[in-house]
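The values are calculated or read from the model by the stated rules, or taken from the named source; none is laboratory data. Since this is a predicted model, take the numbers as computed values, not measurements. Cβ coordinates were reconstructed from backbone atoms using ideal geometry, including for glycine residues, and neighbour counts include every protein chain displayed.
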Amino acid sequence: MKLLQALTTSMAIMCTVSACVAPGLSGSRNAGLQLDDFLPGSSECFDRQSQPYTAVVDSHLHFRPFGGAPIPFERMVDILRDNGVLFANMYGIGQSLPVTGSCEYYLDCIGTPATPSLKNDFANAQAMLDHKPAGIHLTLSMTFPDLSRPDQTLRGMALLDREYPGQFKWMGEVNLVKQALFGNSHKATPLQTIANWSPFMQELARRNIPLAIHADIGSNAEPTKYLHLMTEVLRRYPRNRIIWMHLGLSKELTTMSADEHIRLISGLFDRHPNLMADLSWRVLYDVAFSKPGAREKYVTFINRYADRLLPGTDFVALWKKSADVYAEELRITSDIFRDIDDNAFRNIALGQNYFRVLGLKYQAPAICAKRPG
């Protein structure tokens, strides 16, 4: 066993040095790129013919699990580096399972409440300060808000400001409606409550902080049952940058056609210039992109709205998950990037949209000209 562990460690070191790719994970390493390659004025271009298709940004990454212990912070950072991810949002989990129980994942504990809490945001901020990771850019996100109780949000923001001034530049993932959590005491945010978000939404707009929202469109039985909630948010808060998680899809909505889904999202993009969406969670691949005849339609959609989309894995860093699990999630959620055009690839996979939304000093490299043959 010790010999096997030694060989495994040796192989991992050699792969880091030579940018090799583990068996079965072709395209999941983006080794070779450094933060300096994303500074304005860098002359390096990105060669899509020889370099990986996987995103260098993970805008949707949960460093904390619903319950139980997380992957240690420094280990998670190493996993990102090993996969060529140089930029990531540090999400906690807004809905925590009770510390008094043994639940680690909400769907394994139906009937156990998963309630919003500040504790994961505190844990993430302290980990950042304690370890100060080099060679990677992490953005702290506030995941604590309960959108059904908006009066508490400004108080929570003030508490984070007092303890970690200027550290949080993002808010989300927060749940407008997440059907998967209905068995854990979550309910859809009441329509009338959205009007009461105004104080914290004004503060987010003042600070130029994006709000990332999980908002299911509906279910197979009622495909657009909850769409009115998101449209109300967009109507009331046109000044805020809203990031719609997973293009509104979920495991509860698997039968909506690509044409209908694209028509719906495109219409909202056209009417609301501050609306963006992320392409996180492998559910998009499983229930949308991989359907017969759908991939080409989604590629056309992504190319058209290349400045409105962000990449992400939606990986939840529970202690028992291996590095290979993250690599697989990155590979699957990036798979659609194989086929998008160079402009979309630069904006999404190479991070230009992410840098723009956050006002970062970084700049995605240009795409190299294609070699003949």
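Structure summary
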{"read-out": "Within the range 278-309, considering residues that are under 15 Å from the mean Cα position of the chain (by Cα) and not in a strand (DSSP E or B), the one farthest from SER96 (Cα to Cα)", "value": "ARG308"}
{"read-out": "Which listed residue, of THR254, THR224, THR231, is of a type in the set (S, T, N, Q), over 23 Å from PHE355 (Cα atoms) and in contact with a Gly (Cβ under 6 Å, 6 or more places away or on another chain)", "value": "THR224"}
{"read-out": "Neighbours by Cβ (under 8 Å, 6+ apart or cross-chain): first from the range 282-293, at positive phi; second not β-branched (Val, Ile, Thr)", "value": "GLY293/ALA258"}
{"read-out": "Number of the exception - ILE79 against (1) in a helix (DSSP H, G or I); (2) surrounded by 20 or more Cβ atoms within 10 Å (Cβ to Cβ); (3) touching a strand residue (DSSP E or B) at 6+ places or on another chain (Cβ under 7 Å); (4) hydrophobic (A, V, I, L, M, F, W, C)", "value": "(3)"}
{"read-out": "Number of the exception - ASP47 against (1) at pLDDT below 95; (2) farther than 28 Å from ILE213 by Cα; (3) touching a strand residue (DSSP E or B) at 6+ places or on another chain (Cβ under 9 Å)", "value": "(1)"}
{"read-out": "Extreme residue, surrounded by the most Cβ atoms within 10 Å (Cβ to Cβ), among residues of the range 127-172 that are of a type in the set (Gly, Ala, Ser) and in a loop (DSSP other than H, G, I, E, B)", "value": "SER148"}
{"read-out": "Of all residues in the range 342-354 being under 26 Å from LEU204 (Cα atoms) and free of Cβ contacts under 8 Å to residues at least 60 places away in the same chain, the one that is surrounded by the most Cβ atoms within 10 Å (Cβ to Cβ)", "value": "ASN347"}
{"read-out": "Candidate set from the range 173-208 (those that are within 18 Å of LEU118 (Cα to Cα) and among the aliphatic types (A, V, I, L, M)); member that is surrounded by the fewest Cβ atoms within 10 Å (Cβ to Cβ)", "value": "LEU176"}
